[in-house]
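Colleague: Once you've had a glance at the structure underneath, I'll fire off some questions.
The values are calculated or read from the model by the stated rules, or taken from the named source; none is laboratory data. It should be emphasised that the depicted structure is a prediction, and the values quoted were computed from it without experimental measurement. Note: ideal-geometry Cβ built from the backbone for every residue, glycine included; neighbour counts use all protein chains shown. The accessibility values were calculated without ligands, DNA or RNA, using every heavy atom of the protein model including side chains. Shrake-Rupley method; radii C 1.70, N 1.55, O 1.52, S 1.80 Å.
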Amino acid sequence: MRQLGTRRASLSASLKIGDHQGRRRTLEEEAVHIPFAQDSLVKQWSSMQNVAEGNEESETPIQRNKYLLNINVGGKSFQIACKVLAQYPITRLGKLALYTDPAKKMQLCDDYLVQKNEYFFDRDPSVFHYIFHFYRSGVLWVMDEMCPSNFVEEIEYWGIHLKYSQRCCRILFEEKQDELNEYLKIEKELEAELEPLDSGNKFDGKFLGGFRKMIWNLIENPYSSVPAKIIAVMSSFFVLISIVGMTLSTVEEMKNKTGKMWMEQMEMICAIFFTSEYLMRLISSSSFKIFLRAAFNAIDLVAILPFYVQLLFENLDEADTLYHEELHKVENVSKLGKVLKLIKLMRIFRILKLARHSTGLRAFSFTMRQCYQQVCCLLLFIAMGVFTFSALIHSVEHDVPGTDFTSIPCAWWWAAVSLSTVGYGDTVPDTILGRMVAFVCISFGIILNGMPISILYNKFSDYYAKLKAHELSQSQQLSRRVHLKERVLRKLSECWRADPRYHR
């Protein structure tokens, strides 16, 4: 076996075959002794430099070591014993050390430098230090400052599984990865929540695409122009007017003929506006199926249906009263009156239309959707507390004369009020033991109600801030497009300068 010459520091500063006395290590010593590459003595890889070095060193014979694998990762050189790599045959470098076919080896790397017998990988060298340490020690290090997605992508490229890391590090890394995935999921859903403001390009190439896009901007994107903002304000104004009108219609002073006439006219105007708004949204919709599945559109439909159903039932009512001689027709009139009251009550759902233009309501709805597991768990605990404490209070109070806790279902109301810490006082225990049960019930309700408040508040604040930031960016774009005051002043100054009397 011929003796290898001394290699330069730029190729591998940390590995020299043989010590300073010229004594050559055995194969077993070389397999154990695998030092790290020193960053201060490693030069960046350059293809032009390799050509120049190849011309200079063409006279000297190329010395190779079949027991070592030369690797260049992102410009930094490493040397690993093939015996060590062969211990992990399913990894990329393990396959590179075991394969004898040059074509298969070229499929594993990005490039190959013949002059130095060096395999090049266009990967992150900072992460490869941990891969290098894994082959040296058999343990994969995981650092907290690393991006989980980037680290997982790198180790998957090198064919190394996360199971080779320590259990404590792996648990912390998986928790951090789950937090990142949850954050990305919420960001994606927030973008979907704001999608109507960014989907105006769906009308390209469709029938009357330009006209429908113009209507869509007026109805769905209040920050596209000043008329769109005015329509959004008018929509909220008519919702409030409708709710106020429905409230005043129940007042005794407004039930006279004049008051009813004003309330009916107000309701008709609001219904006409809501109907026009719904039809404009229907016309400007890019997909009829998506339009029907949208929650806001369902709310708009519920907002206008009571008016037309009320007209239909009133006409039926008038037709039946003309022929009320028969008893069954009179009964039908009374049934229609009850249904008509229920239909009028559905107008209260119009207030949900404010969520379309209210950032706070949208953030609250998004928070409830994201925290549905915590909310369901809270409702489960409340139900368990209601059943438990109602059974306890009934067992200690049912023998008291004149008690209200005659059965467990009768005690449900008391348990629910006590757990919510409202305490109406309409039903109270009389015995000392019953009051002790009531104290435990109230204490449990305080603890139970305080648990999810911090979680819900933090999430609501976060979602509200993100929605508000997006709304602010949209309003800034609108203000940059408008600038009415600056435009008027500029036009007046131009007209003033164009006047001949100004030059005199």
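Colleague: Loop only by DSSP, 13 or fewer other Cβ within 10 Å of the Cβ. Give me the chymotrypsin sites (Phe, Trp or Tyr not before Pro) in the range 363-447 that pass, ordered by residue number. Please list the in-between numbers first.
Modeller: Working: sites: 364, 366, 372, 381, 387, 389, 405, 412, 413, 414, 424, 439, 444; in loops: 405, 424.
Filter output for the range 363-447: 424.
Colleague: Just to verify a number: what accessible area does residue 92 come out at with the full protein assembly present, 1.4 Å probe, Å² rounded to tens?
Modeller: Taking all protein chains as shown, residue 92 has close to 50 Å².
Colleague: Which percent of Cα-Cα pairs in the range 362-491 sits in each 5 Å bin, short to long?
Modeller: For the range 362-491, the binned pair fractions read 2, 10, 14, 14, 10, 8, 7, 7, 6, 5, 4, 4, 3, 3, 2, 1, 1, 0 percent.
Colleague: Now for a different question. What FRET efficiency would be calculated for the residue pair residue 103, residue 141, taking the C-beta separation as r and a Förster radius of 41 Å, to the nearest 0.05? Walk me through the numbers on the way to the answer.
Modeller: On the way: r = 34 Å, r/R0 = 0.82.
In this case the efficiency is close to 0.75.
Colleague: Okay, moving on. So if R0 is 35 Å, what FRET efficiency would residue 122 and residue 87 give, r being the distance between their Cβ atoms, rounded to the nearest 0.05?
Modeller: 0.85
Colleague: Filter 185/466; 206/289; 176/468 down to the pairs with a C-alpha to C-alpha distance above 22 Å, please. Let's see the in-between values first.
Modeller: Working: 185/466 14 Å; 206/289 16 Å; 176/468 27 Å.
Beyond 22 Å: 176/468.
Colleague: Please compute the length gained on full extension between residue 279 and residue 225, using 0.36 nm multiplied by the number of residues separating them and subtracting their Cα-Cα distance. If you can, show how the numbers build up before the last one.
Modeller: On the way: separation 54, 0.36 × 54 = 19.44 nm, distance 2.04 nm.
Extra length from residue 279 to residue 225 when fully extended: 17.4 nm.
Colleague: In the range 143-162, which residues have a backbone nitrogen under 11 Å from the label point lying 7 Å from residue 181's Cα in the Cα-to-Cβ direction?
Modeller: It comes to no residues whatsoever.
Colleague: Compute the normalised compactness of the range 68-193: alpha-carbon radius of gyration over 2.2 N^0.38 Å, N being the residue count. Walk me through the numbers before you get to the answer.
Modeller: On the way: Rg = 16.9 Å, N = 126, 2.2 N^0.38 = 13.8 Å.
Cα-based Rg divided by the globular estimate yields 1.22.
Colleague: Return one whole number: the accessible area per residue of the range 68-193 in Å², for a 1.4 Å probe.
Modeller: 52
Colleague: Separate question: Expected output is a single nm value to one decimal: the length gained when fully extending between residue 378 and residue 244, i.e. 0.36 nm times separation in residues minus the C-alpha distance. What is it? Can you show the working numbers first?
Modeller: Working: separation 134, 0.36 × 134 = 48.24 nm, distance 3.46 nm.
Full extension of this stretch gives 44.8 nm more.
Colleague: Another question, if that's okay. So, in Å, what gap is there between the alpha-carbon centers of the range 382-399 and the range 89-147?
Modeller: 67
Colleague: Please compute the per residue accessible area over the range 362-491 with all protein chains in place, 1.4 Å probe, rounded to a whole number of Å².
Modeller: Values: 8230 Å² over 130 residues.
Normalised by residue count, the accessible surface of the range 362-491 is 63 Å².
Colleague: Give me the extension gain from residue 298 to residue 191: residue separation times 0.36 nm, minus the current Cα-Cα distance, reported in nm with one decimal.
Modeller: Numbers: separation 107, 0.36 × 107 = 38.52 nm, distance 2.12 nm.
Gain on stretching residue 298 to residue 191: 36.4 nm.
Colleague: Of 83/104; 257/341; 116/163; 188/344, which sit over 30 Å apart, Cα to Cα? It would help to have the intermediate numbers written out before the result.
Modeller: Working: 83/104 19 Å; 257/341 19 Å; 116/163 34 Å; 188/344 39 Å.
Cα-Cα > 30 Å for 116/163; 188/344; rest within.
Colleague: Here's a follow-up. Show 397, 187 ordered by accessible area, largest first, where the area counts protein heavy atoms only and the probe is 1.4 Å. Write out the running numbers ahead of the final one.
Modeller: On the way: 397 0, 187 45 Å².
Most to least solvent-accessible, the answer reads 187, 397.
Colleague: How high is the FRET efficiency between residue 424 and residue 311 when r is their beta carbon distance and R₀ equals 41 Å, given to the nearest 0.05? Intermediate results must be reported in sequence, preceding the final value.
Modeller: On the way: r = 41 Å, r/R0 = 1.01.
Here the calculated transfer efficiency is 0.50.
Colleague: Among DSSP beta bridges lying fully in the range 68-193, give the percent that are antiparallel, nearest 5. Could you put the intermediate results ahead of the total?
Modeller: Values: 9 of 14 bridges.
So the antiparallel bridges amount to about 65 percent of the total.
Colleague: Order 426-434, 241-249 from most to least packed using the mean count of other Cβ atoms within 10 Å.
Modeller: Values: 426-434: 14.8, 241-249: 16.8.
With the highest mean Cβ count within 10 Å placed first, the list reads 241-249, 426-434.
Colleague: Summarise the accessible area of the range 68-193 (1.4 Å probe, protein heavy atoms) by the percent that is carbon and sulfur. Intermediate values should be presented prior to the final figure.
Modeller: Working: 3380 of 6610 Å².
That share works out to 51 percent.
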